[in-house]
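Here's the structure we're looking at; comments come further down.
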Amino acid sequence: MVMAYSASIDQREKLSALSQRKGKQLISALTAYDYAVARILDEAGIDIILVGDSLGMMVFGHEDTTQVTMEMMVHHVKACRKGIHNALLVADLPYKSYETTESATTNAKLLVQAGADAVKLEGGKAVLKQTKAILHAGIAVIGHIGMLPQQVREEGGYKKKGKSSMEAQSLLSDAKELEASGITALVIESIVEGLGEEITSTIDIPTIGIGAGNDCDGQILVVNDLLGSYPWFCPGFAKPKVNLASQTSIAVKAFIEDLNKS
Ligand code: KIV
């Protein structure tokens, strides 16, 4: 049985602190999928840790996020929870886990029971009913508009959004409707130059960009793209600060060499 949910004082404080950051201090957000990385990010002072469904690629080696299940998400949210004391832990609702208001609410509750402070789901007007149902159950929601990775198969690839004025207007109205529903913040992914600024100045909740320019209220990255630990693909907008893949390889080779010397 899925238990009813009620946000703790600590969670409410974190959510309200996040809302108040708009226009004052930029919000930092990274993904994590396990205890050690989550703890390192938390201790380094990150604001939001997203247990993203990008774990489909980063952890499981899938081509995209469409094979991620609730079982995988719950497992990784639990793994991260113990390492996080200060950041807001947001968990992605995976592909097809929120097709109805009932499944959206049930699955959001399961993520909260696993340790999430808030859930994120992809889409604008198309998921407004589900968003409202989750909020009605007392669970905080982060929206996600622009390029939607869960739609990659339907759309035949990852495509930048907002190129036509109709598409840009539709994104703007998605942002307004999601804001009016009561979400805490809005992730905006891969949109054309200038639209991030327009959405950010139109709505009063924080926007968190990824490939959406520098004008959002914060930025989010897949942690592997920051650390250079997924060398097979890194999006152009991500600027890795270290190269963990090559450092790991050097360490492994040194270990093998030491063994052969002894
Ligand atoms: O799953 C994910 O990594 C995301 C991005 C916004 C970082 O949703």
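Across the stretch 121-262, how many lysine pairs separated by 8 or more positions, or lying on different chains, have Cα atoms within less than 29 Å?
Lysine pairs meeting both conditions in the stretch 121-262 amount to 29.
Calculate, in nm to one decimal, what LYS163 and GLN67 gain on full extension: separation in residues at 0.36 nm each, minus their alpha carbon distance.
31.7 nm
Determine Rg/Rh for the stretch 9-221; Rg is computed over alpha-carbon atoms and Rh is the Kirkwood hydrodynamic estimate from the same atoms.
Radius of gyration relative to Kirkwood radius: 0.93.
Only loop residues by DSSP count here, and only those with at most 11 other Cβ atoms within 10 Å; note down the trypsin sites (Lys or Arg not before Pro) in the stretch 1-61 that meet that.
LYS24
Between LYS82 and SER246, what's the calculated FRET efficiency when r is the beta-carbon distance and R0 is 22 Å? Round to 0.05.
0.15
So what's the net charge close to TRP232: Lys and Arg +1, Asp and Glu -1, counting the other residues with Cβ under 15 Å from its Cβ?
Surrounding charge for TRP232 is -3.
Could you tell me whether the stretch 119-207 comes out rounded, prolate or oblate from its Cα gyration tensor? Rule is a ≥ b ≥ c as square roots of the eigenvalues, rounded for a/c under 1.5, then prolate if a/b exceeds b/c, otherwise oblate.
The shape class here is oblate.
Extension gain ILE256-ALA17, at 0.36 nm per residue separation less the Cα-Cα distance, in nm?
81.2 nm
Mind checking the stretch 42-151 for trypsin sites (Lys or Arg not before Pro) that DSSP puts in a loop (not H, G, I, E or B) and that have at most 14 other Cβ atoms within 10 Å?
For trypsin sites (Lys or Arg not before Pro) across the stretch 42-151 that sit outside H, G, I, E and B with at most 14 neighbouring Cβ atoms in 10 Å, the list reads LYS82, LYS96.
Please report the net charge: other residues with Cβ closer than 11 Å to the Cβ of ILE84, K and R +1, D and E -1.
That sum, taken over residues with Cβ under 11 Å, equals +1.
Just to confirm the filter: which chymotrypsin sites (Phe, Trp or Tyr not before Pro) across the stretch 180-262 are DSSP coil and have at most 10 other Cβ within 10 angstrom of their Cβ?
Answer in residue order: TRP232, PHE233.
Run through every distinct alpha carbon pair of the stretch 46-156 and return the Kirkwood hydrodynamic radius in angstroms, one decimal place.
13.9 Å
Specify the inter-centroid distance of the stretch 1-71 and the stretch 189-262, based on alpha-carbon positions, in whole Å.
Taking the Cα centre of the stretch 189-262 as reference, the centre of the stretch 1-71 is 15 Å away.
We did not get these values from a lab; they are worked out from the coordinates using the rules stated. The model shown is predicted, which means the values in this text are computed figures rather than measured ones. When we count neighbours, we look across all protein chains shown, and the Cβ atoms used for this are built from the backbone with ideal geometry, even at glycine.
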